[in-house]
Amino acid sequence: MKKILMGLMLLGATSAMAQETTSEIAPMDKYSVATNNFWSNWFVTVGGDYVASYSNQERGLGLSRNPLKSFRRSWNGDVTLGKWFTPVIGVRAKTQFMSLKNVDGRTNPSYDMVNFNVQGVFNLRNLFCGYQPGRVWNISVYAGTGFYRNLDAKHYAFMYTGGILNTFNVTKRLYINLDIYGNMALTELDDGIRTTNTGKSNFMTTKDRQAGVSLGLGVNLGKVGWSKTPDLQAINAMHKAQVEALNASLAEQQRENDKLKELMAKRQETTTTTVTEKKTVVSTPVSVFFNLNSSRIASKKDLVNVQALVEQVKANNGKVEVCGYADSKTGSADYNQKLSERRANTVAKELKKMGLNDDQIVIKPMGGVADLNPASYNRRVIVKAL
C-alpha cells in the first residue's frame, strides 16, 4: 500500500511538472517566442555614410560607373529609430543628412539634402536559423519609401530605398551597424532640370540614384530579446513517455502490493497459530527468579509470561497458585521458609497490579529446596493457573 501511495504522489508531481514547464527543463520551440510589450526591443543607430551618386543627367556621357570616383563621392550621416515586433519583423525610420553630387559630366554641383524614409526590416538569420539570444551576427534585408528635401533647390522628391543590414553585437545593448543600401528618387532630385543628353534609356537611367554604405553604432532600448515558448509537440511526447513509465511503475508497484497482501495474510495466519499456541503455553506454570538472599524480582522480564497467564485467568474468572522457593544449600530451613514466603508475597503484589484480587491468589511458601541444578534455579516463585 505504501508503494501505491508513493506512485500516486509521483503522478501528482508529474502533473505539476507539466504545468510548470520552464525554460530550464522544457524543450523550447526554435522558431516561436512570447510576445513582448510595446516598449520592448526598440533601437537607435547613428552612422557615417559613404555615398556614390548617379544622376539622370549623365545618361549618354559614357562616364565611369565606379562608385569610388571623386565626381560621385560624398560623405554623409544618418540616424535611425526602430523597433522589432518579432525576432524576424521590424520597422525603422531613417533620416539622412546628405550633400549629393549632381553628376552631369561638367560642373558636378553638390546639393544639401535631407532624406526621410520608413522601412520594413526582415531578419534572415532568425527567419531561417531560429532565434538565438546570444548570436553575434545578424543579417537583415529591408525596403521602404520616403522623400528627399533638396535644401538648395527648395523642392521635394519621392523615393524608394532598400538594402542589406548587418549588425554585430558587442554587448546585450550595444552593437555595430553596417548598412549597404541603394536609394532612387521617383521625381527630379537635383535642380529640377531633366537631361537633354541622348543615349540608351531605361527606368533606372532616367532617375537620380545613390548607392551607399553606412557604418555606425546602435543601442538597444527597453527590454532586449524575447522569451522562447515551449515546444508543445516535444513536451507532449516527453509527457507521454513519462506517463508510460509511470504506468509501468504503478503496475510493478501493484504486483508488489499483491505480494505484500499475500505475505500479510500468511503472517496473520501464523500470528493466529502463535496466539493459540501461547494460550496453551501460558496455562503451564511460569517461573519468576530471585537473587541470593533477596525477595526482589531479579528481572522484570519474567513478568511478561506471568501477565499472559493472568489475562487467561481473568478471562476465565479463575485462580492462580503462587509457590515460593528458596535455595536449601544456603541458609537454615526456618530462614528459607520465611524467605520463600516473602518471595511469594512479592509476586502476589504484582498479580494484584495486573488485575487479580486476593480471592484469586493462593500463596504457598515451600521453603528451601534442591530440585534444580544449578542451585540458583531454586530461588524462584512458580505461578500456575488452578
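Observations on the structure shown:
- Residues that are part of a strand (DSSP E or B) and among the hydrophobic types (A, V, I, L, M, F, W, C) within region 349-386 comprise ILE361, VAL362, ILE363, MET366, VAL369, VAL381, ILE382, VAL383, ALA385, listed in sequence order.
- Test: GLY318 is assigned by TED's automatic domain parsing to the domain that holds ASP371, in contact (Cβ under 8 Å) with a residue 60 or more places away in the chain and outside any helix (DSSP H, G or I): yes
- Within region 105-121, one or more residues are within 30 Å of SER227 (Cα to Cα), surrounded by fewer than 19 Cβ atoms within 10 Å (Cβ to Cβ) and not aliphatic (A, V, I, L, M).
- A count restricted to region 153-178 and to residues that are in contact with a strand residue (DSSP E or B) (Cβ under 6 Å, 6 or more places away or on another chain), crowded, with 18+ Cβ neighbours inside 10 Å and within 26 Å of TYR111 (Cα to Cα) stands at 4.
- If you filter region 346-374 down to residues that are within 18 Å of ASN293 (Cβ to Cβ) and surrounded by fewer than 16 Cβ atoms within 10 Å (Cβ to Cβ), you find that the one that is modelled with the highest pLDDT is ALA370.
The values are calculated or read from the model by the stated rules, or taken from the named source; none is laboratory data. Everything numeric here is computed off the predicted structure, so don't read it as measured data. Because the Cβ atoms are built from the backbone with ideal geometry, glycine has one as well, and the counts that use them run over all protein chains shown.
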